[in-house]
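Asks: Have a look at this one before I ask anything.
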Amino acid sequence: MIRRIGIIGGSGQMGQMFKTQFNILGIEVLISDESNQSFEQELVNGSDAVIISVPIDQNTAVIRRIAPYLRKHQLLSDFSSVKTNIIPEMVKTDACVISSHPMFGNMPDISKQNIILLPVRPGKYLPGYQKLFQQMGLNVVVMDQWQQHDESMSFIQGLMHFFHIVFTQTMRNKNVDLSTLLSICSPVYQANFAFTCRILQRDPHLYTHILMDNPENIGVLKQFIEQASDSIRLLQNKDEKGFINLFLENREFLDAHGKKFSDQSDFLVEKMKEYSD
C-alpha cells in the first residue's frame with residue numbers, strides 16, 4: 001500500500017498539481033528540487049513510491065543519483081513524455097518500476113484526462129497505483145509494451161507539435177497580417193489557430209526535448225515531409241484525379257473514427273462561438 005510518495009522535482013507545476021491530488025486522497029507527499037538535492041536521500045528512504053518529475057533531459061542524471069538509495073520493494077515512477085532514455089535507467093535500479101505519462105499539463109480540473117501507465121517491472125504495485133489515478137477521476141490507459149509509447153508519441157506529440165510550430169513559422173516568414181487573417185476566420189479555423197497558440201504558449205524547453213529526445217520522431221517527420229512533397233507535386237501537375245484519390249484513401253483509412261471525430265469537431269466549433277475575449 002502506498003502511504004507516502006516522494007516527488008523529485010515536486011516544486012514544478014506538474015509536481016505541485018499531483019502533490020495536491022495525492023494529498024486529497026490522504027497520501028503524504030515529500031518533495032525535493034534543485035534547491036535541496038541533499039534531501040533526496042531522505043525523500044527516497046522515507047517514501048513507498050518515488051516519482052521523477054523533472055525536465056526530460058535531467059531524468060537519467062536524477063535516477064543515477066538516487067539509485068543507491070532505492071529499495072527492492074519500493075516503487076519508482078516518473079511523469080516523462082519520452083521513455084527511451086529513462087526506462088532503461090530505471091530498470092537498472094532495485095526498485096519496482098511503473099513509468100507513467102500524464103497526457104495533460106497543469107490545470108485546475110484533471111478529471112477525464114488520460115494518464116498512461118507502463119508496468120515495466122510492477123511488482124505488487126500496479127492495481128493500487130492505477131486505483132490512485134482513477135480516484136482522481138483520470139482515465140488510466142495501461143500499455144504493456146513501453147516501446148510502443150514512444151512510437152505512439154511520435155504521432156500524438158512529435159508530428160502534431162511539429163506541424164503547429166512549422167505552421168506558425170510559415171506565417172511568420174511570409175509576414176502574414178494576423179489581425180486581418182483572424183478577422184476573416186470562421187470558428188473552425190479559429191479552433192485550429194487556438195491549438196497552435198496553445199502549443200507555443202507553453203514551455204519551449206519541454207517541447208524542444210519532446211521533439212529532440214524521442215528517437216521515433218525523426219523518421220515520422222521525414223515521412224511527413226515526403227508525403228507533403230508528393231501531395232505538392234499532384235497540385236503542381238493539376239492532377240485532380242490523383243489528389244481526389246489520395247483524399248478518399250485517407251478518408252477510408254480513418255474509417256469509423258472519421259465520422260465520430262468530425263461530429264466532435266462540430267461540437268468544438270459551436271463552443272468556439274460562445275467564447276468571448
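Asks: Examine the stretch 128-147 for a residue that is small (Gly, Ala, Ser) and under 14 Å from residue 100 (Cβ atoms), and state whether such a residue exists.
Replies: Yes, some residue in the stretch 128-147 is small (Gly, Ala, Ser) and under 14 Å from residue 100 (Cβ atoms).
Asks: Next question. Please name all residue pairs, on different chains or six or more residues apart, with Cβ atoms under 7 Å, provided the first residue is in the stretch 135-148 and is surrounded by 12 or more Cβ atoms within 10 Å (Cβ to Cβ) and the second residue is of a type in the set (Phe, Trp, Tyr).
Replies: From the stretch 135-148, the pairs are 140/133.
Asks: Mind checking whether some residue in the stretch 115-122 is of a type outside the set (Lys, Arg) and part of a helix (DSSP H, G or I)?
Replies: no
Asks: Right, something else. So, residue 116, is that one without any contact (Cβ under 8 Å) to a residue 40 or more places away in the chain, under 16 Å from residue 60 (Cα atoms) and either aliphatic (A, V, I, L, M) or crowded, with 21+ Cβ neighbours inside 10 Å (or both) or not?
Replies: Spelling it out, it is not the case that residue 116 is without any contact (Cβ under 8 Å) to a residue 40 or more places away in the chain, under 16 Å from residue 60 (Cα atoms) and either aliphatic (A, V, I, L, M) or crowded, with 21+ Cβ neighbours inside 10 Å (or both).
Asks: Under 8 Å between Cβ atoms, which residue pairs at least 6 apart in sequence (or on different chains) link something in the stretch 219-232 that is outside the structural domain of residue 155 (by TED's automatic domain parsing) with a partner that is surrounded by 11 or more Cβ atoms within 10 Å (Cβ to Cβ)?
Replies: none
Asks: Test residue 181 against the criterion of being surrounded by 11 or more Cβ atoms within 10 Å (Cβ to Cβ), free of Cβ contacts under 8 Å to residues at least 24 places away in the same chain and outside the structural domain of residue 81 (by TED's automatic domain parsing), and give yes or no.
Replies: The answer is yes for residue 181.
Asks: Looking only at the stretch 248-277, which residues are under 22 Å from residue 182 (Cα atoms) and of a type outside the set (Phe, Trp, Tyr)?
Replies: Residues satisfying the conditions are 265, 266, 268, 269, 270, 271, 272, 273, 274, 276, 277.
Asks: Got a number for residues in the stretch 220-272 being of a type outside the set (Gly, Ala, Ser), under 28 Å from the mean Cα position of the chain (by Cα) and at negative phi?
Replies: Final tally of qualifying residues: 26.
Asks: Continuing with this model, one more query. Looking at (1) out of contact with any Cys (no Cβ under 8 Å at 6 or more places or on another chain); (2) under 27 Å from residue 135 (Cα atoms), which one does residue 75 not meet, given that it meets all the others?
Replies: Failing condition for residue 75: (1).
Asks: Still on this model: I'm trying to understand the selection: among the residues of the stretch 1-35, which are aliphatic (A, V, I, L, M), assigned to a helix (DSSP H, G or I) and surrounded by fewer than 15 Cβ atoms within 10 Å (Cβ to Cβ)?
Replies: Of everything in the stretch 1-35, just one residue is aliphatic (A, V, I, L, M), assigned to a helix (DSSP H, G or I) and surrounded by fewer than 15 Cβ atoms within 10 Å (Cβ to Cβ), namely 24.
Asks: Taking the stretch 123-134 on its own, how many of its residues are surrounded by 16 or more Cβ atoms within 10 Å (Cβ to Cβ) and without any contact (Cβ under 8 Å) to a residue 40 or more places away in the chain?
Replies: Qualifying residue count for the region: 2.
Asks: Go through the stretch 88-113 and count every residue that is over 21 Å from residue 48 (Cα atoms) and surrounded by 17 or more Cβ atoms within 10 Å (Cβ to Cβ).
Replies: Qualifying residue count, the stretch 88-113: 1.
Asks: So which residues in the stretch 79-113 are free of Cβ contacts under 8 Å to residues at least 60 places away in the same chain and of a type in the set (D, E, K, R)?
Replies: 89, 92, 94, 109, 112
Asks: Also: Of 47, 99, 38, which residue is outside any loop (DSSP other than H, G, I, E, B), hydroxyl-bearing (Ser, Thr, Tyr) and at pLDDT 95 or above?
Replies: Selected residue: 99, the only one of 47, 99, 38 that is outside any loop (DSSP other than H, G, I, E, B), hydroxyl-bearing (Ser, Thr, Tyr) and at pLDDT 95 or above.
The values are calculated or read from the model by the stated rules, or taken from the named source; none is laboratory data. Computed from a predicted model, the values in this text were never measured in an experiment. Virtual Cβ from ideal backbone geometry, glycine too; neighbours counted across all protein chains shown.
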